[in-house]
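To start, the structure itself, in structure tokens.
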Amino acid sequence: MSNPIFSLKDAALRLNGNAGPVDILHSISLEVSAGESIGLVGPSGSGKSSLLMVMGGLEQATGGTVLAMGENLTNMNEDQLARFRRDRMGIVFQSFHLIPTMTALENVATPLELAGHTDAFDRAAEALEIVGLASRAGHYPAQMSGGEQQRVALARATAPRPAILLADEPTGNLDSANGEAIMDLLFNLRDQFGSTLVLVTHSDVLSKRCDRVVTLRDGAIA
């Protein structure tokens, strides 16, 4: 695979727990090509979300190497990782992580403002329109349903047109109808912007829509 978006070589993650060090990931080697969609599946506690966090630089691998777009995430400090995520990645979580005191428009525009985009609010409005929430731009998270909040989170993640889109159980807190709508949106946005998509899911329906499925078990690729 030439110039992969992600290249992990023997990546490991060890975290300190109350009873001492805990090995979360063991010798993960994985390559993901540009524009590919990857589903990370496996039983609870298998390391799916931890692997996604390592790929997003939200957790730093404690062994091996993690390259994203040719940049070595294992050599970066927290500020460098934050800038890399801001400029290259969009991340969607199971919990929506919206700021409750900000409107939908402000939630989407704020990261764009922080990244220095002078047209942040125009881009945010466009992103909300794409996910079907133009009419809800002035509403606060508490005034929206779970499905609407996840659409705002998707708009926020994709408004910067990221090369990489990471999603951790994006439909986990939603009913089946809203979950299906978010799935459609996620893949439509991936297709529209040409992003590489890596998602963690327990849903067979969602994983089957991916180009490739990677199964984890006990912190290793099965």
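Here are some notes:
- Residue 67 touching a Pro at 6+ places or on another chain (Cβ under 9 Å) and open to solvent by 40 Å² or more (accessible area, probe 1.4 Å): yes
- Scanning the range 165-195 for residues that are open to solvent by less than 30 Å² (accessible area, probe 1.4 Å), within 16 Å of residue 37 (Cα to Cα) and touching a helix residue (DSSP H, G or I) at 6+ places or on another chain (Cβ under 8 Å) yields 165, 166, 167, 168, 169, 170, 182, 183, 185, 186, 189, 195.
- Residue in the range 121-139 that is of a type in the set (S, T, N, Q), out of contact with any helix residue (DSSP H, G or I) (no Cβ under 8 Å at 6 or more places or on another chain), surrounded by fewer than 16 Cβ atoms within 10 Å (Cβ to Cβ) and at pLDDT below 95 present: no
- Candidates are the residues of the range 39-57 that are surrounded by fewer than 24 Cβ atoms within 10 Å (Cβ to Cβ) and aliphatic (A, V, I, L, M); the one that is farthest from the chain's Cα centre (by Cα) is 41.
- Condition met for residue 105 (within 21 Å of residue 198 (Cα to Cα) and surrounded by 13 or more Cβ atoms within 10 Å (Cβ to Cβ)): no
- Single unsatisfied condition, residue 83 versus (1) open to solvent by 10 Å² or more (accessible area, probe 1.4 Å); (2) farther than 30 Å from residue 133 by Cα; (3) more than 15 Å from the chain's Cα centre (by Cα); (4) not aliphatic (A, V, I, L, M): (2)
The values are calculated or read from the model by the stated rules, or taken from the named source; none is laboratory data. The structure presented is a predicted model; accordingly, all values stated were derived computationally and were not measured. So basically every Cβ, Gly included, is an ideal-geometry build from the backbone, and we count neighbours across all protein chains shown. Ligands, DNA and RNA are stripped out before the accessible areas are found, and what is left, the full protein with its side chains, is counted by its heavy atoms. Shrake-Rupley method; radii C 1.70, N 1.55, O 1.52, S 1.80 Å.
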